[in-house]
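Beneath this line is the structure, given in structure tokens, with notes to follow.
The values are calculated or read from the model by the stated rules, or taken from the named source; none is laboratory data. Since the model is a prediction, treat every value here as computed from it, not as a measurement. Please note: Cβ atoms are built from the backbone with ideal geometry, for glycine as well, and neighbour counts cover all protein chains shown.
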Amino acid sequence: MKKKELPLDDFLLDLRRKGFKFADDVIGFIYFGKQYTAASDSIIKAAIEITLKTQKEFDGSFYISLLESLKHNNIHSRNHAFKYAEKIGLLTI
């Protein structure tokens, strides 16, 4: 059975419960990136996760750059986003 994917709002609340407390300007920037790139929630969430894993905090410029790269490379799923991040040397999975 496939696990139901959380909408972006719930994902951000879940991160908050786990100790990642984003300021309002960061939340606004996350949604700006979503609108700017027209990315799906799954790609936005993957970009947030990859940003946090590689930068150890939320780095807005890294996040936007990653979103642009994912869009440019036609990445449309969380799984492919993480494989792409590994391929370009951002993550070791």
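Exactly one residue among 85, 39, 23 is surrounded by fewer than 18 Cβ atoms within 10 Å (Cβ to Cβ), of a type outside the set (Lys, Arg) and out of contact with any strand residue (DSSP E or B) (no Cβ under 6 Å at 6 or more places or on another chain), and that residue is 23. If you go through segment 33-90 and keep only what is in a helix (DSSP H, G or I), within 20 Å of residue 15 (Cβ to Cβ) and of a type in the set (Gly, Ala, Ser), you end up with 33, 42, 46, 47, 60, 61, 81, 85. Taking the condition modelled with pLDDT of 95 or more and either within 17 Å of residue 10 (Cα to Cα) or touching a helix residue (DSSP H, G or I) at 6+ places or on another chain (Cβ under 9 Å) (or both), does residue 23 pass? Criteria not met by residue 23. The set of residues from segment 66-93 being within 20 Å of residue 36 (Cβ to Cβ) and aromatic (Phe, Trp, Tyr) comprises just one member, 84.
Could you look through segment 41-85, keep only residues that are more than 10 Å from the chain's Cα centre (by Cα) and among the small types (Gly, Ala, Ser), and pick out the one that is farthest from residue 16 (Cα to Cα)? Filtering segment 41-85 for residues that are more than 10 Å from the chain's Cα centre (by Cα) and among the small types (Gly, Ala, Ser), the one farthest from residue 16 (Cα to Cα) comes out as 69. The set of residues in segment 11-32 that are within 25 Å of residue 84 (Cα to Cα) and part of a helix (DSSP H, G or I) comprises 11, 12, 14, 15, 26, 27, 29, 30, 31, 32. In segment 8-30, the residues that are under 17 Å from residue 55 (Cα atoms) reach residues that are modelled with pLDDT under 95 and surrounded by fewer than 14 Cβ atoms within 10 Å (Cβ to Cβ) with C-beta atoms within less than 8 angstrom, at least six apart or across chains, in these pairs: 22/16.
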